[in-house]
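Visitor: Could you have a look at this structure, given as structure tokens, before my questions?
Computed from the coordinates by the stated procedures, all read-outs in this text should not be read as laboratory data. The shown structure was predicted, so the numbers you read here are calculated from the model rather than taken from an experiment. Backbone-built Cβ (ideal geometry, glycine too); neighbour counts: all protein chains shown.
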Amino acid sequence: MIRSEVRDHVALVTIDNPPVNALPVAGWFALADAVRSAGRDPDVRVVIVNAEGKGFQCGVDIKELAADPTKETFVAVNRGCYEAFAAVYDCEVPVIAAVNGFCLGGGVGIAGNADIVVASDDATFGLPEVDRGALGVATHLARFVPAHKLRAMFFTGATITAAELLAFGTVERVVSRDQLLDTAFEIANVIAKKSSLVIRRAKESLNAIDPVDVKRSYRFEQGFTFELNLSGDSDELRQAFVDKRDADL
């Protein structure tokens, strides 16, 4: 589900959970652990988060949530997402997200908290949260798009292409899919040649001057998600997604 390796001071953390890289509760905590472990490794100077398969990541495992009539899985996955996003943001070294194909929901949370994003030319980003009876990750989408674009995307569920984000300057490079990982390593290797101490302090200082506390902001959003999950609408929207039908609202 989550694999890790180190190549010449660069840690590669790979999400691999077919068919669409949706992560269950355990997957989110495993991702958080992998990124944190990499950042704490004194031999590591950069972390790359990438994914195998059709797309980068599409959020939580809706089927896992729908199969649990209690709220235990829901609470656990909320905590797991929070830990994974925070691990990327707080990682002691720069994190590069190498995004291929779809990047939805939690995928935006991961990439939005990364320091640098490179994407394949078929990559698209979006938040289907409203359609699934949830909220959250607007905090991270706001790091990619301007305020009114964010609102339009959030309310409608529309996606945006990597090329459009390149024009905003929030994606560093857009390349063909077969060049994606090489491009991420190219950037990572430039950083890895620098002083490890300086790079670590640079990451810490940039986080300290960030105008938005992304962890607190996302946690606030999650409170609304929990509120919605006390209503019947969220349960019906999730079940309709699992059943592949229109929701009865």
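Visitor: Quick one: what pairs do we get from the stretch 139-161, first residue of a type in the set (A, V, I, L, M, F, W, C), second part of a loop (DSSP other than H, G, I, E, B), C-beta under 7 Å, 6+ apart or different chains?
Guide: Qualifying pairs under 7 Å: LEU141/LEU127; PHE144/THR170; LEU150/ALA142; ALA152/ALA158; MET153/LEU127; MET153/VAL145; PHE154/LEU127; ILE160/VAL145.
Visitor: While we're looking at this one, here's another question. Against the definition (surrounded by 24 or more Cβ atoms within 10 Å (Cβ to Cβ), not hydroxyl-bearing (Ser, Thr, Tyr) and not in a helix (DSSP H, G or I)), how does ALA134 come out, yes or no?
Guide: Working: surrounded by 24 or more Cβ atoms within 10 Å (Cβ to Cβ): yes; not hydroxyl-bearing (Ser, Thr, Tyr): yes; not in a helix (DSSP H, G or I): yes.
In short, yes.
Visitor: Looking at the stretch 157-191 only, could you name the residues that are of a type outside the set (A, V, I, L, M), at negative phi and not in a helix (DSSP H, G or I)?
Guide: THR159, THR161, THR170, GLU172, ARG173, SER176
Visitor: A follow-up question, please. Sort out which residues of the stretch 192-212 are within 16 Å of VAL46 (Cβ to Cβ), without any contact (Cβ under 8 Å) to a residue 24 or more places away in the chain and either touching a Gly at 6+ places or on another chain (Cβ under 6 Å) or part of a loop (DSSP other than H, G, I, E, B) (or both), and write them in order of number.
Guide: Of everything in the stretch 192-212, those that are within 16 Å of VAL46 (Cβ to Cβ), without any contact (Cβ under 8 Å) to a residue 24 or more places away in the chain and either touching a Gly at 6+ places or on another chain (Cβ under 6 Å) or part of a loop (DSSP other than H, G, I, E, B) (or both) turn out to be LYS193, SER195.
Visitor: So in the stretch 115-131, with the set limited to residues that are under 22 Å from LYS215 (Cβ atoms) and not in a strand (DSSP E or B), which one is farthest from the chain's Cα centre (by Cα)? Give the steps one after another, and end with the answer.
Guide: At the first step, the residues of the stretch 115-131 found to be under 22 Å from LYS215 (Cβ atoms) are 115-117, 125, 127, 129.
Next cut, not in a strand (DSSP E or B) only: 115, 127, 129.
Values: ASP115: 12, LEU127: 11, GLU129: 14 Å.
For the stretch 115-131, the residue satisfying everything is GLU129.
Visitor: Among (1) assigned to a helix (DSSP H, G or I); (2) surrounded by fewer than 24 Cβ atoms within 10 Å (Cβ to Cβ); (3) of a type outside the set (Ser, Thr, Tyr), which single condition is ARG143 missing?
Guide: In the conditions (1) assigned to a helix (DSSP H, G or I); (2) surrounded by fewer than 24 Cβ atoms within 10 Å (Cβ to Cβ); (3) of a type outside the set (Ser, Thr, Tyr), ARG143 misses (1) alone.
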